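The values are calculated or read from the model by the stated rules, or taken from the named source; none is laboratory data. Given the structure is predicted, the values throughout are model-derived calculations rather than measurements. Note: ideal-geometry Cβ built from the backbone for every residue, glycine included; neighbour counts use all protein chains shown. All accessible areas refer to the heavy atoms of the entire protein, side chains included, with ligands and DNA or RNA removed. Shrake-Rupley method; radii C 1.70, N 1.55, O 1.52, S 1.80 Å.
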Amino acid sequence: MANLGEMFGASSAATFFDLPEAGWTALDADIVLFGAAGATPYPSVGFYCAGGPQAIRAAGLAYGAAFAHHHFDLGGPVLPPGVRAVDAGDLDQDPADPAANRGRIRAATEAILAAHAVPILVGGDDSLPIPLLQGLAALGRPLTILQIDAHIDWRDEVGGEALGLSSTMRRASEMAHVAGIVQVGQRGLGSARPGDVVDALAWGVTFVPAREVATTGLARAIAAIPEGADVVLCLDVDALDPGIMPAVIGRTAGGLTYWQVMELIEGVAARARIAAFDMVEFMPERDIDGQGALLAAQLLAGVTGIIARQRG
Ligand SMILES: [Mn+2]
């Protein structure tokens with residue numbers, strides 16, 4: 001079947017946007033994208049987002065051939081002249097060995113920081129950011145997290161597992177190098193109990209629910225990020241409205257639009273430095289006609305472009 005990528009001359013979907021492949025030794029780039037099928041799965045669901053990185057690479061095929069074209073959402077090419085981005089491939093994750101999975105994500109993050117590049121991790125489920133954030137301790141600077149998600153992920157444990165996808169922000173709050181957390185996009189019912197919200201507020205989280213974004217806008221969320229901070233962007237794609245992002249395990253109406261996510265991240269990038277970005281919870285089996293994968297690829301390209309502009 002003909003597609004846009006073929007029209008522009010794309011050949012394969014081996015890497016994100018047909019970017020150069022990179023190995024883990026001698027990384028030489030400004031931005032390093034990599035994938036992971038999972039980290040710390042709950043036994044009930046396993047690696048349910050394992051196919052995410054490959055589905056998003058395949059959807060990014062159209063962008064690959066057009067990557068040097070003018071991107072109207074960025075006002076120029078995704079990568080300004082001289083800024084290099086590479087795809088280091090997927091880590092070799094095993095659902096039966098979560099400790100080793102976390103170790104590989106930490107080591108990959110540290111290798112990217114050692115190369116003075118910005119890590120972009122594509123999942124995989126929302127347990128991935130825990131070892132990513134642990135690895136980011138190597139930056140040696142306090143971090144502010146901007147979590148964009150329908151859920152707050154402040155459960156202390158689920159079924160005895162403290163490092164799974166519902167505990168990500170609580171574990172982050174316990175890390176000495178995490179100075180602040182801003183969470184945007186909450187709505188409906190999720191795993192959070194009333195006590196989890198109390199704990200998060202007591203810690204100092206700023207919550208900006210999806211309803212506020214829809215009715216009042218993004219100003220309070222952007223202003224909650226300290227000027228000059230080092231920010232980790234943690235994007236769970238279920239933050240987006242399921243009408244445009246159906247490829248998630250639990251669809252909840254009332255989510256964010258493409259422009260709300262882009263303008264939030266642009267607004268943050270105008271006042272702070274993006275230290276890392278993760279995009280998680282893309283579940284190919286729930287996609288509809290590839291629509292969610294295209295949106296995920298479009299957002300990945302857009303945020304890569306925003307980060308690239310800080311490196312140019
Ligand atoms: Mn979520």
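Extending 7 Å from the Cα toward the beta-carbon at both TYR42 and TRP203 defines two label points whose distance is 1.8 nm. Excluding ligands, DNA and RNA, the accessible surface per residue across the stretch 4-311 is 38 Å² with a 1.4 Å probe. Choose one of GLY82, ALA65, ALA108: the residue whose Cα lies farthest towards the positive end of the charge dipole of the stretch 44-135 (beta-carbon charges +1 Lys, Arg; -1 Asp, Glu; about the Cα centre). Of the listed residues, the answer is GLY82. Taken one residue at a time, the phi angles of the stretch 40-45 give Karplus couplings (6.51, -1.76, 1.60, θ = phi - 60°) of 10, x, 7, x, 5, 10 Hz. Gly and Pro are set to x. Distances between placed amide hydrogens fall under 5 Å for VAL118 paired with ILE31, VAL32, all partners being 5 or more residues away or on another chain. Solvent-accessible area of the chain (1.4 angstrom probe, protein heavy atoms only): carbon and sulfur portion equals 56 percent.
Ordering GLU281, GLU21 by how much accessible area each has at a 1.4 Å probe, largest first, what is the list?
Values: GLU281 10, GLU21 150 Å².
Reading off the accessible areas and sorting them downward yields GLU21, GLU281.
Between the stretch 127-204 and the stretch 227-292, the C-alpha centres lie 16 angstrom from each other.
If you count the DSSP beta bridges with both ends in the chain, what percent of them are antiparallel, to the nearest 5? Don't skip to the end; give the middle numbers.
Values: 2 of 38 bridges.
Expressed as a percentage, antiparallel bridges in the chain total about 5.
Note on the chain: helix-only mean residue ellipticity at 222 nm, from DSSP H runs of 4+ residues weighted -39500 (n - 2.57) and normalised by residue number, equals -9500 deg cm²/dmol. For the stretch 4-311, the relative contact order comes to 21 percent (Cα pairs under 8 Å, sequence separation of at least 6).
With a Förster radius of 45 Å applied to the beta-carbon distance between ALA219 and THR25, the computed FRET efficiency rounds to 0.50.
Counted over all Cα-Cα pairs of the chain, pairs farther apart than 35 Å make up 11 percent.
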